[in-house]
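**Q** Structure below; questions to follow.
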Amino acid sequence: MRDPTRVGTLVGAMPANNQLGLPFDGKSRLNVGLLLSGPLGSRIAELNLYKMFRGKSNLMASIGTTPGMQQDFAKGIEKSLTAQGIETLESKEVLAKSDLTLCIGWRSIVERPHGSGLLLAFHDSMLPKLRGWNPLVSAIELGMGSTGVTLFMAQDTPDTGPIIDQESFPLPERTDINIALDYAADAIRVVIG
């Protein structure tokens with residue numbers, strides 16, 4: 001059974017005995033790291049991230065690049081994060097300093113330092129369907145009619161781990177990838193809370 005609790009709720013008003021085991025007592029600020037990359041990471045970086053996390057978190061981020069991608073979204077992500085005053089660091093440093101790290105659009109294996117906090121990842125499909133590197137494109141090409149995003153506890157094997165939450169959205173016939181990415185970003189915002 002998946003946990004219906006939204007990440008935004010966890011960050012904003014987490015009880016001391018929360019199910020995910022985060023070190024949050026509701027009085028202190030939670031250190032939240034964001035690993036952002038690609039077009040989906042770019043769309044999330046453009047949102048008001050402090051508002052999404054209820055202003056009760058210290059946010060930091062790492063910006064990834066996606067090898068082979070025609071457009072590099074890193075500069076846009078950096079611009080959005082800088083405008084919000086969110087510090088950018090190397091991914092290993094974000095992982096080491098965060099109580100909770102969220103991967104959004106990250107397309108490489110995350111090697112976590114020993115003792116790092118909880119690592120949650122968003123995948124742009126309704127796992128276990130469409131595991132892999134291009135799930136939105138696959139959903140469009142397969143004419144699935146709908147797909148969604150999945151928030152899960154990341155494991156050593158990509159796109160595996162306990163599912164925490166999912167949010168679906170429609171993919172009408174002939175949906176453009178940019179529209180699908182907008183739907184996925186909206187779904188992530190809903191899951192975060």
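The values are calculated or read from the model by the stated rules, or taken from the named source; none is laboratory data. All values derive from a computational prediction rather than experimental measurement. Note that each Cβ is placed from the backbone with ideal geometry, even for glycine, and that neighbours are counted across all protein chains shown. Accessible surface areas use protein heavy atoms only, side chains included; no ligands, DNA or RNA. Shrake-Rupley method; radii C 1.70, N 1.55, O 1.52, S 1.80 Å.
**Q** Not counting ligands, DNA or RNA, and with a 1.4 Å probe, what is F122's accessible surface area in Å² rounded to the nearest 10?
**A** For F122, the solvent-accessible surface is approximately 20 Å².
**Q** From the C-alpha gyration tensor of the stretch 57-193, pull out the three semi-axes of the equivalent ellipsoid (sqrt of 5λ each), sorted largest to smallest, in whole Å.
**A** Details: eigenvalues 128, 63, 39 Å².
Output for the stretch 57-193: semi-axes of 25, 18, 14 Å.
**Q** Keeping all protein chains in position, work out how much accessible area E78 exposes to a 1.4 Å probe, and write it in Å² to the nearest 10.
**A** It works out to around 90 Å².
**Q** So for K129, K97, what's the accessible-area order with a 1.4 Å probe, most first?
**A** Sorted by accessible area, descending: K129, K97.
**Q** While we're looking at this one, here's another question. Ignoring ligands, DNA and RNA, what percent of the accessible area of the stretch 57-193 is carbon or sulfur (1.4 Å)?
**A** Answer for the stretch 57-193 is 49 percent, counting heavy atoms of protein chains only.
**Q** Per 5 Å bin, what is the whole-percent P(r) computed from every C-alpha pair distance within the stretch 87-166?
**A** Percent of Cα pairs in each bin: 3, 15, 26, 22, 15, 11, 5, 3, 0.
**Q** Next up: Tell me the label-point distance for the pair Q84, V190, using the 7 Å Cα-to-Cβ offset, in nm and rounded to one decimal.
**A** 2.0 nm
**Q** Right, here's the next one. Rounded to the nearest 0.05, what FRET efficiency do D176 and R29 have when you use their Cβ-Cβ distance and R0 = 30 Å?
**A** The computed FRET efficiency comes out at 0.15.
**Q** Residues of the stretch 97-154: accessible area per residue at 1.4 Å, in Å²?
**A** So the stretch 97-154 comes to 45 Å² accessible per residue, rounded to a whole number.
**Q** What figure, in Å² to the nearest 10, do you get for the accessible area of R131 with a 1.4 Å probe and non-protein molecules left out?
**A** It works out to around 130 Å².
**Q** Just to confirm my numbers, what's the Cα centroid distance between the stretch 176-193 and the stretch 129-175 in Å?
**A** Between the Cα centres of the stretch 176-193 and the stretch 129-175 lies a distance of 11 Å.
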